[in-house]
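The structure appears below as structure tokens.
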Amino acid sequence: MTPIPSLRHRTADQTPRRALPLTFHVSRFRRGSRQIGLGIAVQTTQRGSVDPNQPLTQQSPTQPTTTTAIMSSTRPKPNNLSLSSTPAQPQASATITHDNSRVTATLPTGESVEVLLYGATVVSWKDKGGEKLWVSEGADLNGGSAVRGGVPLVFPVFGKSSDHPATDALPQHGFARTSRWEFLGKSTTESDGKGGDGGVKLDFGLGPENLSAEARAAWKGEFGLIYSVALSRGSLRTSMLVRNDGGKAWDFQVLMHTYLRVKDISTTTVEGLAGAPYFDKVTASAATAPSSPAALSITGETDRVYTPASVSTTLTVSSNGTPAFEVVRENFENVVVWNPWEEKAKGIKDFAPKDGWKQMLCVEAGQVAGWTKLEGGDAWEGGVTIKALL
């Protein structure tokens with residue numbers, strides 16, 4: 001068995017393809033007659049072999065807190081949710097803690113990530129001794145509503161879409177961020193030999209059986225989502241595999257709504273968007289970013305959907321002229337830049353403190369300027385890596 005490989009970057013077009021090299025086999029482990037969890041084994045297969053007939057399977061509703069040390073040579077244990085990994089020489093371990101509400105991974109070098117099962121929302125990413133994501137002090141972290149901050153997931157619609165009948169009954173940003181996901185397992189990546197600082201990947205799944213009755217009534221698409229969160233020293237990578245498990249085509253939008261923590265919004269800039277067309281949602285107008293200056297400064301309420309000429313364009317978020325983050329997209333054509341600024345922040349109930357807009361900037365990778373059509377049996381994949389530079 002081998003770990004799930006990285007998503008392949010496609011630049012020629014965004015057409016969904018059947019040629020994905022993965023088949024997902026979900027199985028249940030048992031101890032005696034008691035069911036204790038899910039395991040997922042991932043096998044490389046011949047191209048063109050994503051198996052749409054393997055639905056995501058319901059996890060047992062409650063599980064005790066479990067802490068495990070993961071090593072690249074670790075064998076799957078029946079009391080763990082684990083992804084098989086290729087045997088190798090033992091290296092420094094990553095620690096995984098999971099319970100009925102969240103999963104936390106910590107590398108031996110101190111980097112960590114925390115993901116709620118509600119919405120599969122990343123609510124903490126620590127690197128170089130500091131928190132890299134902004135989460136509102138008023139955010140509901142107990143599964144009552146979408147989390148304000150971190151990395152909420154947008155699917156299958158961005159915002160509200162009254163002009164698109166298939167999704168017009170869905171709530172703001174769809175149902176992914178307000179549904180309970182299943183923790184499918186974890187796998188490790190080998191280090192480069194310098195200090196044993198390899199990474200860890202967490203996988204989460206969502207299918208129709210996980211949706212509320214209201215969400216299922218509002219959207220009839222047969223689907224399967226695999227969301228992966230990969231933590232490495234200096235970076236966090238999030239990726240989404242979208243499957244159409246039915247026989248009818250449907251349209252979707254998807255986005256990683258990442259809230260970056262910045263020192264001071266007045267000295268924060270974004271490079272990599274110069275010359276890109278964008279739609280300004282504040283003024284409801286289309287425009288093209290100027291070629292000069294090369295960096296975008298945030299000077300007021302900002303809500304723009306950019307379409308850079310190439311998905312390979314690296315975005316750099318700087319603080320007072322010093323690069324703080326790099327954002328590298330894979331198969332995501334659009335970039336949303338959002339900051340509510342002072343007046344709008346005052347009107348957002350769960351936005352706290354009210355001057356928190358000074359320390360946050362959303363730089364969001366996604367497919368939201370139009371719709372991606374997915375035929376029955378097809379799959380689509382996209383991802384984004386954020387590198388912490390400070």
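Provide the per-residue ³J(HN,Hα) series for the range 278-284, in order, calculated from phi with Karplus coefficients 6.51, -1.76, 1.60 and θ = phi - 60°, each as a whole number of Hz, with x at glycine and proline positions.
Those phi angles translate into 8, 10, 8, 6, 6, 9, 6 Hz.
Over all distinct alpha-carbon pairs, what is the Kirkwood Rh of the range 204-358 in angstrom?
Computed over Cα pairs of the range 204-358, the Kirkwood hydrodynamic radius comes out at 18.0 Å.
I need the phi-derived Karplus couplings for the range 297-314: 6.51 cos²θ - 1.76 cosθ + 1.60, θ = phi - 60°, integer Hz, Gly and Pro marked x.
9, 9, 10, x, 3, 10, 8, 10, 10, 8, 10, x, 4, 9, 6, 7, 5, 7
Using modelled amide H (1.01 Å from N, peptide plane; none on Pro or chain starts), what sits under 5 Å from the amide H of Ile298, excluding residues fewer than 5 places away?
Amide H neighbours of Ile298, under 5 Å, 5+ apart: Thr268.
Between the range 269-328 and the range 97-166, what is the C-alpha centre distance in whole Å?
24
Within the set Lys128/Lys344; Lys220/Lys248; Lys132/Lys354; Lys132/Lys346; Lys281/Lys344, which residue pairs have Cα atoms separated by over 21 Å?
Going by Cα-Cα distance, Lys128/Lys344; Lys132/Lys346 fall outside the 21 Å limit.
In the range 221-349, if the dipole is taken from +1 on Lys/Arg beta carbons and -1 on Asp/Glu beta carbons about the Cα centre, which of Ala324, Ser232, Ser297 is farthest to the positive end?
Ser232
Given the peptides 260-268, 144-152, arrange them by the average over their residues of other C-beta atoms within 10 Å, most packed first.
Highest to lowest by the protection proxy: 144-152, 260-268.
No value in this document is a laboratory result; all are computed from the given coordinates. It should be emphasised that the depicted structure is a prediction, and the values quoted were computed from it without experimental measurement. Quick reminder, even Gly has a Cβ in these numbers, built from the backbone with ideal geometry, and neighbours come from all protein chains shown.
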